[in-house]
Structure formats: structure tokens, C-alpha cells
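Rule-based calculations on the coordinates, nothing more; no lab input. Quantities reported herein were computed from a predicted structural model and do not represent experimental measurements. For neighbour counting, all protein chains shown are included, and Cβ atoms are generated from backbone atoms with ideal geometry for every residue, glycine included.
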Amino acid sequence: MRYANSTTLPPTPLPLTLSELIARGLLNALIVAYPDQVSATMLLLSVGFPPHMLPPFAAPQAFWLEVCQKISRGATPGASEPLLARAAMDYPKSPQFAPYK
């Protein structure tokens, strides 16, 4: 499943809503950058996502959609900011993540 993607939008002040994450292509970027359970879990734990809130990893699309929903509802300190900043550190040349360095 692919979500609407517009990478030409300027960065929005954080925190981003789930709709903004989708519209800016950030959900798709997370799916591509962290497509497996190990990399996704390591990223999330490194930014303070509560381990007990990790959804089952059946497919990257469903996993990241649920994670982003939980983050937009306050599951992590700083909302989406730490997640996007860490992704920008891991993928500094990513046009989706670079604005959140």
C-alpha cells in the first residue's frame, strides 16, 4: 500500500499529525528506510517509544501506520520530532528526513 506523497511541501512546525506525515511522504519514507522488525524496533526504542506499545510486525505498512498513529496521539516524548531527527541522522541524504535534522 502506498500513501499520497508530496515531497515538495516545506517542513511543517512539529509535531506533525498523522495526515501531515502521510502528505509529506514521511510515512512512506519510514516504511522504506526501516522495512523490517529489527530496524524499526531499534529506531523506535532509541527515541523513547514504549516497548509495550509496539504493534505486531506483520507488514511494514501496517506497522508504521499504527506506530505513527500512536506517536501522533502522544506515545513518545516530543511527538514525531525525535523520530524524524533520528531518521535524518540515519539517512542524512534523504530528502524527506533532511528538513528534520
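Listing for the model above:
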| read-out | value |
| --- | --- |
| Reported label for calculated Rg and Dmax of the Cα atoms in Å given (i) 14.8, 45; (ii) 21.3, 66; (iii) 12.1, 35 | (iii) |
| Ascending count of other beta-carbon atoms within 10 Å, so fewest first, for LYS101, LYS70, LYS93 | LYS93, LYS101, LYS70 |
| Candidates LEU30, LEU43, LEU83: whichever shows maximal mean-square fluctuation once the chain is modelled as a Gaussian network with Cα springs under 10 Å | LEU43 |
| Dipole magnitude (debye, nearest 20) for the chain, charges at Cβ of Lys, Arg, Asp, Glu | 120 |
| The range 14-51 versus the range 57-101: alpha-carbon centroid distance in Å | 3 |
